Ligand SMILES: [Zn+2]
């Protein structure tokens, strides 16, 4: 069997996004919807309109990232004095008060990682649009890292929770979530949706065209 016939037989097969069942797609009719015989979910050879959807979500997340860092994520009222902290000033506050491991967690989880994820997704999108055949294995790994990091992005929310607990122990202070926290949650959720809508098989479509 030649390598060509090995791939041509696979062309009409696709795995169900939901349950992983391998389904034979109905011929050339790309618009015809195929349903998974096992779980009835819609099956596509590639996620529909993946590049446009992912770009739209990446741009949205990037726009939310700005107010997430400008507006305070929390407001602490202690002994009648209110103090508002953004993500960055919160990290500095923790650092100044000797809680540097927590400061690093806040800084990396809230400032660095969301930005790196958006940059990585933009890079993957551009690489597919430009039709690069460059290092498909590494680019697929990069995608898996971005996807896997998603579930750890809520770390910052846990940090705020810990702070609420710490401050509440004093019993003299109240702590409230600020507008920035809403935008930050938006960044996290929209970035997760962006990673989900990207189809890593697009990386390999081009790589196979070039190698074959
Ligand atoms: Zn299924």
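The values are calculated or read from the model by the stated rules, or taken from the named source; none is laboratory data. Computed from a predicted structure; not experimentally measured. Positions of Cβ are backbone-derived with ideal geometry, glycine not excepted, and every protein chain shown enters the neighbour counts.
Looking only at helices (runs of 4 or more DSSP H) that lie completely in the range 103-197, which have at least 3 residues being surrounded by 13 or more Cβ atoms within 10 Å (Cβ to Cβ) and modelled with pLDDT under 85? Don't jump to the end; show me each part of the working.
Working: elements: 113-129, 136-149, 155-170, 179-197.
Here the list reads 155-170.
Applying the selection to the range 4-40, what residues are within 22 Å of residue 207 (Cα to Cα), away from the ligand (no atom under 16 Å from the Cβ) and at pLDDT 60 or above?
Within the range 4-40, 10, 11, 12 meet the criteria.
Condition (residue is in a strand (DSSP E or B), more than 30 Å from residue 91 (Cα to Cα) and free of Cβ contacts under 8 Å to residues at least 60 places away in the same chain) applied to the range 37-44: is it met by at least one residue?
Looking through the range 37-44, at least one residue is in a strand (DSSP E or B), more than 30 Å from residue 91 (Cα to Cα) and free of Cβ contacts under 8 Å to residues at least 60 places away in the same chain.
State yes or no: is residue 88 touching a helix residue (DSSP H, G or I) at 6+ places or on another chain (Cβ under 7 Å), free of Cβ contacts under 8 Å to residues at least 24 places away in the same chain and farther than 19 Å from residue 147 by Cβ?
yes
Yes or no: residue 82 free of Cβ contacts under 8 Å to residues at least 40 places away in the same chain and exposed (fewer than 14 other Cβ atoms within 10 Å of the Cβ)? Break it down into steps so the answer makes sense when it comes.
Values: free of Cβ contacts under 8 Å to residues at least 40 places away in the same chain: yes; exposed (fewer than 14 other Cβ atoms within 10 Å of the Cβ): yes.
Here the answer is yes, as residue 82 does meet what is asked.
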